[in-house]
Ligand SMILES: [Zn+2]
């Protein structure tokens, strides 16, 4: 380490210690770590930090540090540093799990919307209209009604089939294929391109 780097380290650690009131006596890392989203929070030393680790003193004072700042400071208990690192890992893992859950929820919503869109398109297509108009007709129906019933039934079966896939992402992809195939089968169906 160059002299300049060493001096800046010493100055930094001094600032850090000042933020603890000049002594670590009575201070403890609380186990609370907050995420500011980006490096807009401040460590006691003045550094910009993203993850804020909260320290508490038994007299009620509190202080905030980053995890890197404390790493090399001789007066910080290494077990606290280890706890901070573990807490940061746990926080990041939880955030990743939360993001995944949110993504799944959004995809599930997208599946619902896609199914509703397809159902509406089928219902409003000439096939759908013809089937509904003849809903009460039992027994023999003309070829056009028969064909329309088959087509509508097949379309609903294709949608149900897509919904048996494991992930909403897979379901969405299959529903998109269903939409494309329906567009041809229901050549005049209003399902875009
Ligand atoms: Zn710092």
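Please treat every number below as a calculation from the coordinates, not as lab data. Being a predicted model, the structure only gives us computed values, none of them experimental. Positions of Cβ are backbone-derived with ideal geometry, glycine not excepted, and every protein chain shown enters the neighbour counts.
Could you list, in sequence order, the residues of segment 39-53 that are assigned to a loop (DSSP other than H, G, I, E, B), within 11 Å of the ligand (Cβ to nearest atom) and at negative phi? If you could, list the steps in order and put the result at the bottom.
Initially, segment 39-53 is screened for residues assigned to a loop (DSSP other than H, G, I, E, B), giving 39-40, 43-47, 50.
Keeping just the survivors that are within 11 Å of the ligand (Cβ to nearest atom) gives 43-47.
Of everything in segment 39-53, those that are assigned to a loop (DSSP other than H, G, I, E, B), within 11 Å of the ligand (Cβ to nearest atom) and at negative phi turn out to be 43, 44, 45, 47.
Taking the conditions (1) within 14 Å of the ligand (Cβ to nearest atom); (2) under 37 Å from the mean Cα position of the chain (by Cα); (3) surrounded by 16 or more Cβ atoms within 10 Å (Cβ to Cβ) in turn, residue 27 satisfies each one other than (1). For segment 9-24, the set of residues classified as more than 12 Å from the ligand (Cβ to nearest atom) and loosely packed, with under 13 Cβ neighbours inside 10 Å consists of 10, 22, 23, listed by residue number. Within segment 4-16, residues that are in a helix (DSSP H, G or I) have Cβ atoms under 9 Å from residues that are loosely packed, with under 11 Cβ neighbours inside 10 Å in these pairs: 9/1; 13/74, counting only partners at least 6 apart in sequence or on another chain.
Taken together, the residues in segment 104-133 that are more than 28 Å from the chain's Cα centre (by Cα) and assigned to a helix (DSSP H, G or I) amount to 14.
Just to be sure I understand, how many residues within segment 29-53 are without any contact (Cβ under 8 Å) to a residue 60 or more places away in the chain and farther than 15 Å from residue 71 by Cα? Explain how you work it out, then say what you get.
Our first condition is that a residue be without any contact (Cβ under 8 Å) to a residue 60 or more places away in the chain; within segment 29-53, this holds for 29-34, 36-53.
Now narrow it down to the ones that are farther than 15 Å from residue 71 by Cα: 30-34, 36-42, 46, 48, 50.
Residues that pass the stated criteria total 15.
The residue of segment 54-90 that is surrounded by the most Cβ atoms within 10 Å (Cβ to Cβ), among those that are within 10 Å of the ligand (Cβ to nearest atom) and outside any loop (DSSP other than H, G, I, E, B), is 65.
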